[in-house]
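Below is one structure, written out as C-alpha cells; comments come after it.
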Amino acid sequence: MLVTKYVITSSESNILPSDIAMKIYGSKYDVTVKETCFGVVINGEEDAINALIKEIRALDPAGIFIKDRGFPPGDPRRCRGRRGGGARPGFYMIEAESKMLPMITRAMASEGEVLAIAEKKKPLAIKRLEEIIHEDLS
Amino acid sequence: MIRIAQLSCGSEYSGIQQEIERAAQTVGAKIVYPEVSLDDILNVENTFGVSVASGDLNLAMARAVRIVQNPDLADAVIVMTCFRCAEAAIIRSEIRKYIHQHSKIPVLSYSFTERTTAETLLTRMEALVTTVKFRGLLARERQKGLTAGIDSGSTTTKSVVMRDNEVIGTGWVPTNEVLKSAEDALEAALKTAGVAKEDISAIGVTGYGRFLVGKHINAKLIQEEITVNSKGAVFLADAQKGPATVIDIGGMDNKAISVQDGIPGGFTMGGICAGASGRFLELTAKRLGVDITELGKLALKGDYRNVAMNSYCIVFGTQSLVNSLALGCKPEDVAMAACHSVAEQVYEQQLQEVEVKEPVIMVGGTSLIEGLPKAMEELLHVKVRVPKYAQYIGAVGAALLVSGLLED
Amino acid sequence: MAKVIVYPPTSMILSDLVERMGHKALVVPQAVRNLVTANEIDSPPLNVTPEEPKKGLRYAAVDVPSGVRGRMSLIGPIIEEAEAAIIVGDPGWLTGCAGCSRTNELVRLLIRTKGIPVLDLSYPTNDPEARAFVQKIKTFLEGLK
C-alpha cells in the first residue's frame with residue numbers, strides 16, 4: 001500500500017529539508033519526495049517508507065519527527081494552489097506542534113534527567129482574598 | 001470568475017465538500033478560503049469577539065475577520081455549518097451579521113446534513129452569484145417597452161405582460177405539465193393585455209421550471225427566484241431605495257430576503273416541512289370546506305389563541321387541525337390558528353437568519369390570504385406591506401429585469 | 001508492541017514518540033488514507049463520502065450533527081482497535097480532524113470508558129515540562145506489553 005508521511009525538522013536542527021531530500025534521492029528506495037517549508041512529504045510503498053524513515057531519523061535522532069498524512073503529496077483535493085488558497089485546517093496543528101519541537105528535542109537529548117517543575121499557580125485562598133479586600137478598602 | 005469565500009465547519013466531514021464545489025462550479029463561481037495564520041485563530045476572541053471550543057469555528061471566524069479587513073479577497077460569502085449543532089448555529093449567525101455589518105459582500109447562510117447535494121445548493125448559489133455579477137441589471141428600477149415574465153412555480157404558474165412600467169395583463173394557472181402550464185399562463189396574460197405574442201420584445205422566466213420553460217420559449221432571461229422576486233417586490237411596493245425585507249411563503253418552500261437598494265444582501269430559502277408553507281393553508285381551507293380565496297377573510301374574524309395548533313410538521317399540523325374541529329372550535333379561529341402557525345414557522349426558521357428591516361413586504365399567492373400577513377405583523381410587531389399583484393411577483397420581476405437586457 | 005491511540009488524534013509529537021519507542025500509533029490520517037486513495041471509489045472524496053456520517057451512527061445518534069458522525073466513522077474504529085491511549089488536554093488550536101469539540105468530547109469519553117491504560121498529559125510550555133512530558137510517555141510506553 002502506498003503511504004504518505006511528513007518528515008518535519010525541529011527549527012533548531014542542523015538538518016535542512018533539502019538535506020533530507022538529498023538523502024532520499026541518493027537512497028535505493030522508490031520513493032517520491034516533495035519539499036515544504038517545514039520539512040518534506042514522502043510517498044511510497046509502506047515497507048520502503050518504513051525502512052527509509054529509519055535512515056532519515058539517523059540524520060538527527062532527536063530533531064526529526066514523522067507524521068502520517070492521508071492525502072498523497074500535491075493531491076489536487078488538498079493542494080492550496082488548486083483549491084482557492086488558504087491552508088488546509090490540519091496545517092495549523094502541525095504549525096502549533098512544530099513550535100514545540102525544539103523543547104521536545106532538548107528533552108529527548110537530556111537522557112532522562114527530569115528537572116524540577118515549578119508548581120502551577122493556584123487561586124488565592126478565599127480567606128486571604130477577604131483580608132486583602134479589607135486592608136485595601138478600609 | 002466569481003470568488004465565493006467558504007466559512008464553514010463540518011462540511012469536509014459530512015462528505016459534502018465536493019457538492020459545495022460542484023454547485024459553485026455550475027453557477028460559474030469558485031470556492032476560495034481566505035488565508036489566515038495560527039495567531040489569527042488564537043486571537044479570534046480579540047478580533048471577532050469570542051472564541052469557542054471547536055477550532056474549526058474559530059478558523060471560520062478568523063477568516064471572516066480577514067475578509068472584512070480585506071474585502072478584495074472575495075466577491076461573496078457562504079457560511080455553512082452542521083445542522084443541529086448549537087455551538088455552530090450561534091457562530092454561523094454571528095459571522096453572517098459580522099460580514100453584513102462590516103462589508104458590502106453578500107452572504108448566504110446554510111446548515112447542512114450529509115444529504116445536502118449540489119442541487120439543493122444550486123438556486124442559493126445562483127442567487128449569490130447573480131447579486132455579484134448582475135449588479136447593474138439588478139439596479140434597474142423601471143420597466144421599458146413591451147415584455148413578459150413567467151414564474152413557473154411548484155404549485156402555480158404565473159405570467160404578466162408589462163408595458164412602460166405598468167402591468168397590463170396577468171395569467172395564473174395551476175402547475176400541471178410544466179411547459180403546457182407556462183404556455184397557458186402566458187396566453188392568459190397576453191389575452192388580458194390585448195397584445196399578440198409576436199409583439200413581445202423579450203420574455204424573462206423564473207421559478208422551479210425556469211430552465212425547461214426558458215429553453216422552450218427561447219427566453220432572454222432565465223433567473224432564479226430569489227433575485228427576481230426581491231426585485232419584483234421592491235418594484236411593486238415602491239421600496240427600490242434603501243432597505244427592505246421580502247417574505248415569500250411559497251407552495252413548497254419559503255424565502256426570506258434582506259434587500260438593500262433592490263439587491264439581495266442576505267437570504268434564506270427552505271422550510272423544514274410543508275407545514276410551514278402554503279400547502280398547509282390549502283389543506284386547512286379544504287378541511288374547513290371554504291375556498292382558499294375565502295380562508296384569509298375567515299381568519300381575520302378569528303383568534304388563534306383559541307386553538308392549539310403547531311404545523312412544524314404537516315402531519316402533526318393536520319392532526320391538530322382535525323382535533324380542533326372535533327373539539328368544536330370555531331372555523332374562523334381554526335383558520336387564524338393555521339395562518340399563525342405558518343407565520344410562526346417562517347419567523348422561527350427563516351427570519352432569524354436575515355436582517356429584518358422595514359418595510360417588510362409579503363409576496364406570493366399566500367400573501368393574499370389576509371390572515372397570514374396579519375399573523376406576521378403580530379409576530380414581528382411591524383406593519384407588513386402586501387403590494388398589488390403580490391401573487392405575480394416573480395413574473396413582474398422577470399418582465400422588469402428582462403427589459404434591462406433589451407437596451408444592452 | 002501495543003496499539004496506542006493518541007489524542008489529539010492527528011498529533012505529530014505523540015504519534016512520533018509512540019512509533020519511535022517501538023509501538024504502533026493509531027491516528028486519523030491512516031483512516032483518511034484508506035478512503036481518499038481507495039481505487040474502488042469512482043470519485044474519491046475530500047476526507048469522507050456522504051456514507052461515512054451514516055456509518056458514524058454506530059457511535060452517535062442521528063440527531064448528532066453530520067460532521068460529528070463523519071469524524072466518528074474515522075475515529076471510532078481506531079478507538080475500538082486501541083490497546084492503550086495517551087491523551088493531551090485541549091491546547092486551544094485543534095482544527096480539521098480535531099476541529100469539532102463535540103467529537104473530541106465523545107472521543108475522550110469512549111477512550112476512557114473502554115478500560116485500557118490511559119496516560120493524561122498537558123502540552124509542555126517550557127523545558128522542565130517538556131522533559132517530564134517525554135519521560136512520562138517513555139515510562140508509560142515501556143510499561144505496555
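The values are calculated or read from the model by the stated rules, or taken from the named source; none is laboratory data. Owing to the predicted nature of the structure, the values given are computational and were not obtained by experimental measurement. Don't worry about glycine lacking a Cβ; one is built from the backbone with ideal geometry, like all the others, and counts go over all protein chains shown.
Brief remarks follow.
- Any chance C:K145 is out of contact with any helix residue (DSSP H, G or I) (no Cβ under 7 Å at 6 or more places or on another chain) and at the interface with another protein chain (Cβ under 9 Å from one of its Cβ atoms): no
- Among residues of the range C:82-111, those that are part of a helix (DSSP H, G or I), over 22 Å from C:E19 (Cα atoms) and not acidic (D, E), counted: 8
- Filter result (touching a residue at least 24 places away in the same chain (Cβ under 8 Å) and farther than 26 Å from C:V32 by Cβ) within the range B:1-48: B:M1, B:I2, B:R3, B:T26, B:V27, B:G28, B:A29, B:F48
- Residue selected from the range B:50-73 under the condition away from every other protein chain (no Cβ under 11 Å) and over 15 Å from B:E87 (Cβ atoms), by the criterion surrounded by the most Cβ atoms within 10 Å (Cβ to Cβ): B:A64
- Residue in the range C:68-80 that is more than 9 Å from chain B (Cβ to nearest Cβ) and either acidic (D, E) or surrounded by fewer than 17 Cβ atoms within 10 Å (Cβ to Cβ) (or both) present: yes
- Restricted to the range B:22-118, the set of helices (runs of 4 or more DSSP H) holding at least 3 residues that are more than 25 Å from C:W93 (Cβ to Cβ) comprises B:86-102.
- Criterion: within 10 Å of another protein chain (Cβ to nearest Cβ) and without any contact (Cβ under 8 Å) to a residue 24 or more places away in the chain - qualifying residue of A:I117, A:I104: A:I117
- Where a residue in the range C:117-135 is within 13 Å of A:A107 (Cβ to Cβ) and facing chain A (nearest Cβ under 7 Å) and its partner, wherever it lies, is of a type in the set (F, W, Y) and surrounded by 20 or more Cβ atoms within 10 Å (Cβ to Cβ), with Cβ under 6 Å and at least six apart: C:P124/C:F133
- Subset of the range A:19-65 (residues that are of a type outside the set (A, V, I, L, M, F, W, C) and part of a helix (DSSP H, G or I)): A:D19, A:K23, A:Y25, A:E46, A:D47, A:N50, A:K54, A:E55, A:R57
- Among the residues making up the range A:11-64, those that are touching a helix residue (DSSP H, G or I) at 6+ places or on another chain (Cβ under 9 Å) and small (G, A, S) are A:S11, A:S13, A:S27, A:G39, A:G44, A:A62, A:G63.
- All of (1) away from chain B (no Cβ under 11 Å); (2) in contact with a helix residue (DSSP H, G or I) (Cβ under 9 Å, 6 or more places away or on another chain) hold for C:L109 with one exception: (2).
- Residue check for C:A31: within 14 Å of chain B (Cβ to nearest Cβ), of a type outside the set (V, I, T) and closer than 15 Å to A:G70 by Cβ: yes
- Positions within the range B:102-115 being away from chain C (no Cβ under 12 Å) and either touching a Ser or Thr at 6+ places or on another chain (Cβ under 9 Å) or modelled with pLDDT of 90 or more (or both), in sequence order: B:H102, B:S103, B:I105, B:P106, B:L108, B:S109, B:Y110
- Residues of the range A:75-130 classified as touching a Gly at 6+ places or on another chain (Cβ under 6 Å), closer than 24 Å to A:T32 by Cα and assigned to a helix (DSSP H, G or I), total: 0
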